[in-house]
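Chemist: I'd like to ask some things about the structure below.
The values are calculated or read from the model by the stated rules, or taken from the named source; none is laboratory data. A quick note: this is a predicted structure, and the numbers were derived from the prediction, not measured. Ideal geometry is used to build each Cβ from the backbone, glycine not excepted, and the neighbour counts take in all protein chains shown.
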């Protein structure tokens, strides 16, 4: 694509098989990126890569499995050698809401932390040697709930709070290489991952936003594109709400 923000850049997008991740991948491709899509959903991931076409590749990954993450990184090292961007979008979110903190099962808590926190750390650790110095960008998709504190969603919020903290620390550790690390914190969106969210909670968000109405994956993707672009280095370490003005920092 001529003139796109991501022309000449190779970008990994996790959780790219569907929903927000697929929308992010589509936007990155429109801006000229060469894409590696990562997801545990193999059939859907392959279908998304086929739909995007071109030289888009799908490589399966299970963020709960360190061996799978290591194999993913080895695949990228063998095929691409270097990358310019990592978008950490994959996370467990479906079915986690509506439970008071004292009623969360330990197994649920551990699974959320295993994927959303440890998995984000491990894939970042595995791919950071492949990020190009001076050009590399990491974008961590957090959640605005970790900025203001939603009720009955503690495991998810705690995991996204950890992602926010990692964003700030990684920005300092990778900054000497000229690698930027930026967090984006979307609000509650209308997509298949939020089908189980009560309608009243959707409406609360939609009525209280500075720009009222539903937010959908396509509403945040241009912010992600810029964050993974070469021009975003001055934003490193920042965590930016992308929730249409529901929460200000």
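Chemist: When residue 187 is evaluated against the numbered criteria (1) buried (at least 19 other Cβ atoms within 10 Å of the Cβ); (2) over 18 Å from the mean Cα position of the chain (by Cα), which criterion, by number, is the only one it fails?
Modeler: (2)
Chemist: Using the structure shown, decide if residue 209 is surrounded by fewer than 19 Cβ atoms within 10 Å (Cβ to Cβ) and free of Cβ contacts under 8 Å to residues at least 40 places away in the same chain. Before you say what the answer is, go through the steps one by one.
Modeler: Numbers: surrounded by fewer than 19 Cβ atoms within 10 Å (Cβ to Cβ): yes; free of Cβ contacts under 8 Å to residues at least 40 places away in the same chain: yes.
The answer is yes for residue 209.
Chemist: Go through segment 80-107 and give me each residue that's more than 18 Å from residue 12 (Cα to Cα), over 15 Å from the mean Cα position of the chain (by Cα) and surrounded by 15 or more Cβ atoms within 10 Å (Cβ to Cβ).
Modeler: 96, 97, 99, 104
Chemist: For segment 157-204, which residues satisfy the criterion of being out of contact with any helix residue (DSSP H, G or I) (no Cβ under 8 Å at 6 or more places or on another chain) and at pLDDT 95 or above?
Modeler: Listed by number, the residues that qualify are 165, 167, 168, 169, 171, 172, 173, 175, 176, 177.
Chemist: Can you tell me which residue among 133, 144, 219, 243 is exposed (fewer than 14 other Cβ atoms within 10 Å of the Cβ), touching a residue at least 24 places away in the same chain (Cβ under 8 Å) and over 17 Å from residue 14 (Cα atoms)? Break it down stepwise before answering.
Modeler: On the way: 144 fails: exposed (fewer than 14 other Cβ atoms within 10 Å of the Cβ); 219 fails: exposed (fewer than 14 other Cβ atoms within 10 Å of the Cβ); 243 fails: exposed (fewer than 14 other Cβ atoms within 10 Å of the Cβ).
Among 133, 144, 219, 243, only 133 is exposed (fewer than 14 other Cβ atoms within 10 Å of the Cβ), touching a residue at least 24 places away in the same chain (Cβ under 8 Å) and over 17 Å from residue 14 (Cα atoms).
Chemist: Looking only at segment 101-114, which residues are in contact with a helix residue (DSSP H, G or I) (Cβ under 8 Å, 6 or more places away or on another chain) and either in a helix (DSSP H, G or I) or under 22 Å from residue 177 (Cβ atoms) (or both)?
Modeler: Passing the criteria: 101, 108, 109, 112, 113.
Chemist: Go through segment 77-100 and count every residue that is more than 19 Å from residue 180 (Cα to Cα) and either modelled with pLDDT under 95 or assigned to a loop (DSSP other than H, G, I, E, B) (or both).
Modeler: 13
Chemist: Here is a check on your reading of the model: is residue 165 in contact (Cβ under 8 Å) with a residue 24 or more places away in the chain and surrounded by fewer than 20 Cβ atoms within 10 Å (Cβ to Cβ)?
Modeler: Criteria not met by residue 165.
Chemist: Is it true that residue 6 is closer than 17 Å to residue 227 by Cα, touching a residue at least 40 places away in the same chain (Cβ under 8 Å), in contact with a helix residue (DSSP H, G or I) (Cβ under 8 Å, 6 or more places away or on another chain) and part of a loop (DSSP other than H, G, I, E, B)?
Modeler: Taking the combined requirement at face value, the residue satisfies it.
Chemist: For segment 124-162, how many residues are under 22 Å from residue 74 (Cα atoms) and in a helix (DSSP H, G or I)?
Modeler: 7
Chemist: Looking only at residues in segment 17-33 that are surrounded by fewer than 24 Cβ atoms within 10 Å (Cβ to Cβ) and under 17 Å from the mean Cα position of the chain (by Cα), which one is nearest to residue 190 (Cα to Cα)?
Modeler: Here the residue is 19.
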